[in-house]
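Please treat every number below as a calculation from the coordinates, not as lab data. Given the structure is predicted, the values throughout are model-derived calculations rather than measurements. Positions of Cβ are generated from backbone atoms using ideal geometry, with glycine treated the same way; all protein chains shown enter the neighbour counts.
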Amino acid sequence: MSKNWRKINKIFPYIVIFTMVFGWSFFPFSESFNFKNIKLAPKIKIARAASSESISTSTDGTHVNWTNPTNAWDASNNLYASRDLPKKGVDDSANYLEASSSNAVDLGGEITAVEIGIEGYVEEAAVVSANLVPMFDGTTAGAGSYSVDGATLGETPDVDTVHYQTITGDTNGPQAGNWTWSDISNLHIRIDGFDSSNASTRFLYIDQIYIKVTYSTTDTIVSTTGTQESSIVIGAVNTHIGGAFTATSTASTTITSITITEDGTIDAQNNLDNIKLYYEKDETDPYNCASVSYDGGEAMFGSPDTDGFSGANGVSTFVGSAQASSTSALCLYTVLDVLTSAGDQNSIDIKINNPSTDVVSNSNTVIPATAVEITGTTYVTGPKFTQSAYRFYENDASTAIGTSLTAAQDQAAVLSSKGQAFRLRTLMHVASSSLATSSLDFALHFATKGGGTCASPAGSYATVTPSTIIAFNDNGGVNDGDLLTASSTADPTHGGDLIVNQTYEEDNNFTSTSTIAEGRDGKWDFALKDNGAAASTTYCFKIVKASDSSDLYNYEVYPEITTRPNNAPVNDSLDLLAHNDDEELYAGSQYTWRVLVTDADGYDDVNLVILQLDYDGTSQDIIWTRSTDIFSSASGYFTVDSIGTDSNNAGNQWTLDFKLTMDWDWANTDDAPTDAQVVSDDIYYATTTNAFTGDTFQVENDLRTTSITYDSTHNPGVSFSVSGYLDYEGVTTPDPPEDIADVRVDPNWSASNYDDTDLEADGYFSVSGVIASSTLNNTDTFDVDILNAPAGAGAISSNGNTMDIDRVQITNIVASNHAYDSGTRYWDPNADSMTATISAILERGGGPINVGTSTLISNSFSGGASANVSENSAIFSAGSAATTLSAASYAVSSNSATYDDLDITSISVSTNSYGTAFSMGSGIDEASEQPNVGWDDAVPTGGSLAWGTITSSNIDVTPSAGADADSGLPTNKYYMAYDQATSFSAADANSGWVNTAWSPGGLSANLAYAYVLKLIDNVGNESVWVYPSPVYKYTLANTPNTAGHSNQAVDSMRWTWASGGSQTDYIYGTDSNCLSGSTANTYWDEGSLSANTAYTRYACARNTDGATSSSLTIGPFYTEANTPTTPGHTNQTDAAMRWTWASGGAETDYSYGTDTNCSGGNTSNTYWDEGSLSANTAYTRYACARNGDTDKTGSLTIGPFYTSANAPNAPTVNNPGVSTLDVD
């Protein structure tokens, strides 16, 4: 409009003259032309920022040859720095006073003018002047000349007038439009003087040095757009409240804090949570956020408020960073969760109560100071959902369904086989409000119907999982959450309601993937299976709210399905009323009957067993049911005392009639057979004459002891234990009743009896504290006897009851006590010899000990004689103190002459690969026939295992020494192993016996490995397992890979990576320590960045222990450049145009073009000269900025602007008689 009127203005004088000369006849107006009828374009008043001034003084500096220079930057007034200037106009610029800092602060806004000034005076005004030199960035002198003459400064001190020089446009400085407060902080001011006098030197006095900045103050204007949603469903999560707060600014500003208030009737502290502010920019005229809307992809301002508002009517404050300007409106969206505790029809009202205090920016002013509230009120509504229809189908390994299991919808179905997979499609009607996408989670529950109804079943409703008795089924090739494939003929319907198809589900939870409007039904498809459920059992299903398992508003129907029928015999019985002699049972004074059931399926399907006993008209039922009992062992039996005894019949043979009834739950064709029998604690046995599904077998009732174990190596006088089992001979099941008999250990040496009167339920007995006679010299035996068995229990078996005792012993060390006449003969070891025989036996386990070479030492002979002992006999001769005796040999026993004073002071085994086996340090003489020689049975003690270096494929461990008091530890004394688990059960790998740290390698990332250590001594005793602390460690997670970025903006970036293999979560940061935060996502959204700036970030993976992998380097990547501003044009002709723009703030260069892709070319200029255009034609062009990665911003629209029209030709009169005018 204004452009066209400018054209009119140019030609208007010609029109007036033409009209005055030639009249109105040439204008084809239907009525008189009236200038009043022309509607001019209205004038638009543009608000502009107000201007303010900031004056700062110098606070520090330096000088060359000035007197009292600090007076120029101290806080005192009328104290002067001075310089005595040389006469005759000598250049004195090398002697300067330089202010290097000031008290200027960042006041925001846009700097429009910069001046430097001085306060002072001169000694003689006519000849002295002061030069002011701006030093940009403290180093670059200004290009301009800035001086204050003496007449201006004057010769009078203490005037306090500041004299300024403008440096805004100095070509060596930032220049107009580009000044920043950082430039002000870095500005130095250098002062020197000039004396033109030829007569004498003159003084220049400086009191203070100044900087004056003129800048536009910034106002941030807070407003709203849109309206709040009319209603939100209770339980909705991550839900936009509707509308938006907006912020614009008269100049670029950074908003750092926003406080919002909720003052509806809802309890905002306890019923609202996870409040978040998301934001985006509206950079389209009129910059009011009307051209954008919330879609969930916006950046978050600050952090979520995770504990509700501060009160029932409270506030939430968000601290972040986002920019706004006059051409870039900040649009802020409130997103929150409505908790299920909220009351129906409570209201939510969101506002910024006082923007002047609740919004913090680097502007001078935030307006208004009154509440800014998004239009409308939101009411929370209790969502009213109804389970409305269902149908069961055969399973199909796809998102489609198989054949229907029922003739019509809403009918109960019956499965045909054990473990059968099936599908359930269920409708849920939205009866009030609407169900927004992903706003509420649901779960499928199931229950055993039993004798109740699905609304009130016998069993409790529970969540369906992949492992419950009715379970989710995993169909290969299709994924949980895929969109279901609808069937136009077989799917359930709900009256005439519109059905909104949802998802195929293989696990809980599930949600709506699209909005379901009020009055419509969502449809979900559940893949399920019989996961070991009992036959002929009916189960009910219902949908509940996942957050608290609360019911829906209503259930019009409940899906019901019954597992496969019970095809096995039910209440099958065997009645034995006529018995043969071998089926008559021997009755003692007390007796017990048992039913034994043996089933290869582990008794999973047996439901009922009844043994009905009848004697002389008196009956008794022994009953086992699955609902109250379990089989007492893997054998699977139960016991109960039978009917009362008859003392007249005690010990006699009598007849007991019985009937056995069983009820079980499987098809005969696909389950293992089951054997059943009746058992009594009697010498005789009873069998059924028919088998149920297998053969019966006899039970021999004789008792016996089996599996006897005892301490086979011990010394006389040392206690040991004996343990084993009591069972029936001929069959290992059933076990005898608990405490049916006692077990006694009866040694045949001089010792007491030892009894066990506490027999375990599985027949286990243990007798401890048995002590062999201390006078026992040889291997001997003991018996294990059965005592106090019930009458009629049969004979006690003698097989295997006699046990050998073995022990380490050295026996029969005897000096022959040969008579020797000391008065007539003395032994001269240097002249004669004497033979002696010593017998020694080393035994363990009944045989010689093979531990190496034994040494028998004698060193206590009268007269200092020494003795040698060979294997069979010893020749005591001079010159040697010891000889060896094979541990595996028996010395020859004879009654040779023996030296009476022979003392054996030490018996030891020489060191072999296991070290010293045993030693005896006390003296043994000829009277000691039973020496106390000890065997090294003690295990090593102590030791520890320390965790070392951990990687994603290896965990190092280092053992430390333990101790062994007897034989000591060998060199290779450590054995380490690991189990891939959080506790050690069995070794997955081991180190073998080593003496070093262990580095196994080959481990998997982010898995727990439990390590253990044991030690061995020189005779092979191994310690118990030693555990490190903690018992297990996780390997490190795999380092992330595939560094990248997305969602790039001028002030934010999404840093992306990919999983390296296995991890628990990720951490990220600005350095390789990754300390900025953690996330389960493979990205990090970072804000508060600077435009067109290269950043490098890092991502690490964490394992379950929280340990960090090495870092992935992401970048360097540039943020987006600022979009160009100020579209315009110059150099306009009828065939060419210069398209112009201004820098948006930070960029590397620009692209331009005829479309929004700016694909016409690149330039470092802020214009593009285009030719070959048509005259008087409107053109629109586009400019983009590029960052250091050559990524383009969004485009700036330039135009439409018209090229110039062709210039008119000179008017020509074609015919003097005709008033015409040809105008091109």
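Numerical summary
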item: In order through segment 480-493: 3J(HN,Hα) via Karplus (6.51 cos²θ - 1.76 cosθ + 1.60), integer Hz, x for Gly, Pro; result: 4, x, 5, 5, 6, 9, 6, 10, 6, 10, 10, 6, x, 10
item: Inter-part distance where segment 373-421 and segment 1003-1047 are each reduced to a Cα centre, Å; result: 47
item: Cα centre as origin, Lys/Arg/Asp/Glu Cβ charges: segment 219-381 dipole, Debye; result: 240
item: Selection from Ala997, Gly962, Asn1021, by position along the positive dipole direction of segment 941-1034 (Cβ); result: Ala997
item: Peptides 970-982, 1067-1079, 266-278 ordered by average Cβ neighbours within 10 Å, highest first; result: 266-278, 970-982, 1067-1079
item: Given Lys281/Lys351; Lys276/Lys1033; Lys276/Lys542, the pairs whose alpha carbons are separated by over 29 Å; result: Lys276/Lys1033; Lys276/Lys542
item: Ala389 long-range amide H proximity, modeled H, under 5 Å; result: Leu427
item: Computed FRET value (nearest 0.05) for Ser1029 with Ser185, which takes r as the C-beta separation and R₀ as 51 Å; result: 0.35
item: Amide hydrogen neighbours beyond the local backbone of Ile955, cut-off 5 Å, H modeled; result: Gly1001
item: Simple label model, 7 Å out from Cα along Cβ direction - Ser1110 to Ser200, nm; result: 8.0
item: Centroid-to-centroid separation of segment 169-245 and segment 282-319 [C-alpha atoms, Å]; result: 27
item: Order by protection proxy (mean Cβ within 10 Å, highest first), peptides 1085-1095, 85-95; result: 1085-1095, 85-95
item: Vicinal HN-Hα couplings computed from phi for segment 1075-1089 (Karplus, 6.51 cos²θ - 1.76 cosθ + 1.60; Hz; Gly/Pro x); result: 10, 7, x, 10, 6, 8, 7, 9, 7, 9, 8, 10, x, 6, 9
item: Cα gyration tensor, segment 1125-1202 - rounded (a/c under 1.5), prolate or oblate; result: prolate
item: Order by protection proxy (mean Cβ within 10 Å, highest first), peptides 403-414, 511-522; result: 511-522, 403-414
item: Gain in span if fully extended, Gln175 to Val90, counting 0.36 nm per residue against the direct Cα distance; result: 27.4 nm
item: Length gained when the stretch Asp785-Ala1175 is fully extended (0.36 nm per residue, less Cα-Cα span); result: 127.8 nm
item: Estimated FRET transfer efficiency when R0 is 45 angstrom, pair Asp137-Ser1159 (beta carbons, to 0.05); result: 0.75
item: For Val1026, distant residues with modelled amide H under 5 Å away; result: Leu1013, Lys1014
item: Simple spin-label estimate for Asp1134 and Ser347 in nanometres, 7 Å along Cα-Cβ; result: 6.7
